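Here the structure comes first, spelled out in structure tokens, and everything after it is commentary.
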Amino acid sequence: MAEPITHFIGGRFVESARRFPNVSPVDGTVVGEVCEATAQEVDLAVRAARDALAGAWGRCGPTERSDWLRKLADGIEWHFDEFVEAEVRDTGRTVRQARTLDVPRAIANFRFFADLVRHAHTECFETVTADGGRALNYTVRKPLGVVAAISPWNLPVLLFSWKVAPALALGNAVVAKPSEETPSSAFLLAQVAQDIDFPAGAFNVLHGFGSGSTGQAMISHPGIDAVTFTGASATGAHIMKTVADGVKDVSFELGGKNAAIVFEDADFDAAVEGVVKSSFTNSGQVCLCSERVLVQRSIFDRFVAALKARTEALVLGRPGHPDTDIGPMISKKHQAKVLSYFQLARDEGATVVTGGDVPVFDDARDQGFWVRPTLWTGLPDDARCLREEIFGPVCHVAPFDTEDEAVARANDSDYGLATAIWTQNLSRAHRVAPRMRSGLVWVNTWYLRDLRTPFGGVRQSGIGREGGRHSLDFYSEITNICIKV
């Protein structure tokens, strides 16, 4: 077995006595050992971050920080295959996805925020006062301080970099914790940071669990100035309560129970392919996936039949096989959660169109954490399976009659992260999209983003916006200066 995955604190790798196994979701085997940070290691990391802000890192200007981020991006690119291997080992996702989405987006995130901070500008206004005098008002951005960045397991290096890159770009020092399920790519990024002599303490990585472990110690530490978190809504609420007394800045991207609306005038084949992609990408383990699909009644039966055929054609297989479409659930615990909803759906009266069980491979994969891609129909809108986020390869398809009905039912959720609309009617697209109560609306596509645009959800899907200038605002302390001239 390889050397344990360790913490990265103050520019050096640090071991801790407490360890936990890194388990492959493909076949349940232990592929490594990971150190679990205690409150002591958390304190060391926060102190190292404070020292960095008071030292060389704190003296870096935007251009220097931009250069450092580009070096991190180059380092990931130099070790591209190792990052792909780490992502696949931890998640069981396809090599194709890791090579075309996860690792390239991590590189793009660092380069995007490197360019953004290099060319960012602030506001300046000349004011004429009532007595004819003049004043100059301008804003300056300063780092918040030490940012705790807690990222999830579903898109490990992509979402880890999405938090670390803007925080560093704006001059903050970072104490980051990847999910305990997916520690490897964050560990590799720490190795890249050490290889390029990244300023010690500006970027720290801790491994461990959340409640009662590393994550709790991080958000409770008085030296943390802000928290950015992606994960479950209940965990976000807990973090908010924890940091409330200190009135600390938070940015949360939380759960989703996203809707897709397919109108009768949609490009039928494109909509079928789009819903397959939006429901089953990464085995449904994406916060943006469509778990509720509303289809106009005139094409409903045809759509369900086509979606069934396309879903049953998806290949569940080993990550490296070129034909593989679907990988396993991230863990035994998560597999059990998804399977519990399969049973609940039956109890609530769902018709199982396809799937709803565990595949049998007759090889080592039978010890892994697999579930079959699943389609349901027949549930009422108030069923628990249509109210609660499942986060697996599953969607429910229901008919609707009118545009107003589709909008109302899609918006009838405690969440508000993303909506996908399928229509060839341009007027309808412009009419319906603004009515959706979600932070992101796609029309005739899914998972397409310009990094300059804001990202985040409403209601239980999160608080705050990141991306583009919105990241500049969140990761900065903004001061207005008024000078009478």
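Taking every residue in the range 167-181 that is of a type in the set (Lys, Arg) and pairing it with any residue that is in a strand (DSSP E or B), at least 6 positions away or on another chain, the pairs with Cβ-Cβ distances below 8 Å are 177/148; 177/149; 177/150; 177/205. Residues being touching a Gly at 6+ places or on another chain (Cβ under 9 Å) and modelled with pLDDT of 95 or more are entirely absent from the range 69-86. The listed residues are 257, 248, 241, and the only one of them that is open to solvent by less than 10 Å² (accessible area, probe 1.4 Å), among the basic types (Lys, Arg) and at negative phi turns out to be 257. Looking at the structure I just gave you, is residue 139 in contact (Cβ under 8 Å) with a residue 40 or more places away in the chain and part of a helix (DSSP H, G or I)? Taking the combined requirement at face value, the residue does not satisfy it. Taking the stated definitions as given, is residue 294 closer than 19 Å to residue 409 by Cα and in contact with a Pro (Cβ under 8 Å, 6 or more places away or on another chain)? Judged against the criteria, residue 294 is a match. Quick check on the range 461-471. Is at least one of its residues outside any strand (DSSP E or B), out of contact with any His (no Cβ under 8 Å at 6 or more places or on another chain) and among the acidic types (Asp, Glu)? Scanning the range 461-471 turns up no residue that is outside any strand (DSSP E or B), out of contact with any His (no Cβ under 8 Å at 6 or more places or on another chain) and among the acidic types (Asp, Glu). Looking at the range 356-381 only, could you name the residues that are among the charged types (D, E, K, R), touching an Asp or Glu at 6+ places or on another chain (Cβ under 9 Å) and farther than 19 Å from residue 272 by Cα? Answer for the range 356-381, where residues must be among the charged types (D, E, K, R), touching an Asp or Glu at 6+ places or on another chain (Cβ under 9 Å) and farther than 19 Å from residue 272 by Cα: 363, 365, 366, 381.
Can you confirm whether the range 333-341 contains a residue that is touching a residue at least 12 places away in the same chain (Cβ under 8 Å), of a type in the set (A, V, I, L, M) and either part of a loop (DSSP other than H, G, I, E, B) or over 30 Å from residue 88 (Cβ atoms) (or both)? Checked the range 333-341: no residue is touching a residue at least 12 places away in the same chain (Cβ under 8 Å), of a type in the set (A, V, I, L, M) and either part of a loop (DSSP other than H, G, I, E, B) or over 30 Å from residue 88 (Cβ atoms) (or both).
Residues of the range 148-160 include at least one that is open to solvent by 10 Å² or more (accessible area, probe 1.4 Å) and in a strand (DSSP E or B). For residue 98, the requirement of being open to solvent by less than 70 Å² (accessible area, probe 1.4 Å), touching a strand residue (DSSP E or B) at 6+ places or on another chain (Cβ under 7 Å) and of a type in the set (A, V, I, L, M, F, W, C) is not met. Within the range 213-262, if we keep just the residues that are of a type in the set (Ser, Thr, Tyr) and more than 21 Å from the chain's Cα centre (by Cα), the residue that is nearest to residue 181 (Cα to Cα) turns out to be 213.
In this entry, residue 299 is excluded by the filter for residues that are at pLDDT 95 or above, among the hydrophobic types (A, V, I, L, M, F, W, C), within 23 Å of residue 179 (Cα to Cα) and open to solvent by less than 50 Å² (accessible area, probe 1.4 Å).
Taking the condition of being under 12 Å from residue 25 (Cβ atoms) and open to solvent by 70 Å² or more (accessible area, probe 1.4 Å), how many residues in the range 322-363 meet it? So the answer is 2.
Looking across the range 379-399, the residues that are in contact (Cβ under 8 Å) with a residue 40 or more places away in the chain, farther than 23 Å from residue 299 by Cα, among the hydrophobic types (A, V, I, L, M, F, W, C) and open to solvent by less than 10 Å² (accessible area, probe 1.4 Å) come down to 385, 390. Scanning the range 457-474 for residues that are open to solvent by 50 Å² or more (accessible area, probe 1.4 Å) and out of contact with any Gly (no Cβ under 6 Å at 6 or more places or on another chain) gives 460, 463, 469, 473. Of the residues making up the range 400-456, those that are surrounded by 13 or more Cβ atoms within 10 Å (Cβ to Cβ), touching a residue at least 60 places away in the same chain (Cβ under 8 Å), more than 13 Å from residue 259 (Cβ to Cβ) and of a type outside the set (Phe, Trp, Tyr) are 403, 423, 424, 425, 428, 444, 445, 451, 456.
The values are calculated or read from the model by the stated rules, or taken from the named source; none is laboratory data. Predicted model, so just to flag it, every value in this text is computed and none were measured. Positions of Cβ are generated from backbone atoms using ideal geometry, with glycine treated the same way; all protein chains shown enter the neighbour counts. For the accessible areas, the whole protein counts, side chains as well, though only heavy atoms, and no ligand, DNA or RNA atoms are used. Shrake-Rupley method; radii C 1.70, N 1.55, O 1.52, S 1.80 Å.
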